[in-house]
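Have a look at the structure below before the remarks.
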Amino acid sequence: MEKIIIEICRYLIIICMAVYTIQCFAVFRFGNEYDRKGIYLRQNFFMVMIHFMGFASLYAQKLDIRYFKAYLIQQLGVLVILFAYRFIYPRANTLIINNMCMLITIGLLILTRISYDRAMRQFYIVMGASAVTLAVPFIISRIRFFEKFKWLYVGIGLGSLAAVLLFSTVINGSKLNIHIASYTFQPSEYVKIVFVFAIASILARNHQLKDIIISAVIAMAHIIMLVLSKDLGSAVIFFVVYFAMLYVASKNLIYYLLGLFAGAVGAYMGYRLFSHVRVRVTAFLDPMGHISGEGYQIAQSLFAIGTGGWLGMGIGQGAPTTIPVVAADFIFSAICEELGVVFGMCLVLLCLSCFIMFMNIAIKFEDPFFKLVALGLAVAYIFQVLLTIGGVTKFIPLTGVTLPLVSYGGTSVVVTCCVFAVIQGLYIAKGRDNGHIPAPADFKTEKLDILEIE
């Protein structure tokens, strides 16, 4: 009976995930939220079913009442987040809400499979982060003078990174975290948001050479501190985000080409200067040849993905704990092993649909500051997804960054919830500026025209 339940759930989970992902792109066929309402309801149904079937498989194997309790608590928590956003912000973009909740659901499910205790800690962090960031869309949509605080953003960003450099302890060759009492957090995560606001403040109104030089010096200072802390994954994200924002602000192709050249030089210097970078490059080039040393992590990751195949082994049927740091850096490998490569591809497309919606919101802004903020956060989000998945699949060398909202990690979850909330606030603000959004009492009319997709 146990095997039958696992097999049935395995196939149904893949089908539900595939249909959910298709719905993520189906929303772009319609120009307003009202016409997308049916799609969003179907997404909510498939989200609930994936979580239910995943826990049905776990409970069938473990027969432990803890998993039944965890299912109820997690499902209730995700639904509370979903309906809280819908109730407080009826004019919000529902695709962003649904995708955020779906990513949280997938993360909690696979983390419960790996470690029950870690999954529950992650759940409480998610609920706390969601409660705190629930106010962010209101603040972003109502306050219009954020760009006046550019030097405050710069001070917070550089000060936080300097604190890591000076006071953090070295773990696995890098300085990443600050410890205060029993709490640990990674400042480079929230500095990404502050950095985007800082660069947007500088480049929004003026594109003179002086302003570009100032922005470049500030960006370089952030990146150098990250490099000195050997947080190279974050340094790459900051670098890409800066040149993306610079290119969009200036519309000068020379800066884009300069960014490519600087990136190539930086990669070479990083390889020559840092031994752990050379280790990761060696593991990337020949993981099987160094399986007992440098290549062990990536080799185990590839074994897990290959073992799962297209349709996976089923929740609880793999051995994801054989992969070092699986809950954080290699969560995607665990997902592919137990839920299949098809499920993993759908997860990538789900993240891509978030990016497309983020970029759509950025494009619709005429205000250059908010346009750059939306663009910067969108690029930071999708590039982190690329680094994580590319690293564990041997597409690029490992960088040690987490998969947003899915991997285990308190700071990453809080910051990603904040990113989604900021984008949501920008969406609401843009809709209010356009004057196309009716009051909730008029929601049944067909005149709703929020950020029409061209």
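The values are calculated or read from the model by the stated rules, or taken from the named source; none is laboratory data. Not measured: the values here are computed from a predicted model. Here the Cβ is made from the backbone with ideal geometry for all residues, glycine too, and neighbour counts use every protein chain on show.
For segment 22-37, how many residues meet the condition of being surrounded by 15 or more Cβ atoms within 10 Å (Cβ to Cβ) and not in a helix (DSSP H, G or I)?
6
Can you name every residue in segment 85-111 that is more than 19 Å from the chain's Cα centre (by Cα) and at pLDDT 95 or above?
none
Just one of I199, I156, I125, I193 is among the hydrophobic types (A, V, I, L, M, F, W, C), in contact with a Cys (Cβ under 8 Å, 6 or more places away or on another chain) and in contact (Cβ under 8 Å) with a residue 24 or more places away in the chain; which is it?
Exactly one residue qualifies, and that residue is I193.
Where residues in segment 109-159 are touching a helix residue (DSSP H, G or I) at 6+ places or on another chain (Cβ under 7 Å) and of a type in the set (K, R), which of them is surrounded by the most Cβ atoms within 10 Å (Cβ to Cβ)?
R113
Name the helices (runs of 4 or more DSSP H) wholly within segment 208-274 that hold at least 1 residues that are loosely packed, with under 15 Cβ neighbours inside 10 Å?
209-228, 253-273
Between a first residue in segment 265-277 that is over 18 Å from E294 (Cα atoms) and a second residue that is among the polar types (S, T, N, Q) and in a helix (DSSP H, G or I), which pairs have beta carbons less than 9 Å apart while being 6 or more apart in sequence or on different chains?
So the pair list comes out empty.
Pull up segment 254-293, narrow it to residues that are of a type in the set (S, T, N, Q) and farther than 18 Å from F395 by Cβ, then point me to the one that is modelled with the highest pLDDT.
S292
Quick test for you: out of T411, T402, pick the one residue that is closer than 18 Å to S188 by Cα, assigned to a loop (DSSP other than H, G, I, E, B), modelled with pLDDT under 95 and of a type in the set (S, T, Y). Even if it seems obvious, please write down each step before you answer.
Values: T411 fails: assigned to a loop (DSSP other than H, G, I, E, B).
Unique residue meeting the criteria: T402.
Condition check: assigned to a helix (DSSP H, G or I), at pLDDT below 95, within 30 Å of R118 (Cα to Cα) and not polar (S, T, N, Q). Does Y59 satisfy that? Show your work before the answer.
Details: assigned to a helix (DSSP H, G or I): yes; at pLDDT below 95: yes; within 30 Å of R118 (Cα to Cα): yes; not polar (S, T, N, Q): yes.
In short, yes.
From the list I96, I110, I73, I125, which residue is on the phi < 0 side of the Ramachandran plot, assigned to a helix (DSSP H, G or I) and touching a Leu at 6+ places or on another chain (Cβ under 8 Å)?
Among I96, I110, I73, I125, only I110 is on the phi < 0 side of the Ramachandran plot, assigned to a helix (DSSP H, G or I) and touching a Leu at 6+ places or on another chain (Cβ under 8 Å).
From the list I423, I428, I382, exactly one residue is surrounded by 24 or more Cβ atoms within 10 Å (Cβ to Cβ), of a type outside the set (S, T, N, Q) and either more than 16 Å from D231 (Cα to Cα) or at pLDDT below 85 (or both). Which is it? Working first, answer last.
Details: I428 fails: surrounded by 24 or more Cβ atoms within 10 Å (Cβ to Cβ); I382 fails: surrounded by 24 or more Cβ atoms within 10 Å (Cβ to Cβ).
Step by step, each of I423, I428, I382 is checked, and only I423 is surrounded by 24 or more Cβ atoms within 10 Å (Cβ to Cβ), of a type outside the set (S, T, N, Q) and either more than 16 Å from D231 (Cα to Cα) or at pLDDT below 85 (or both).
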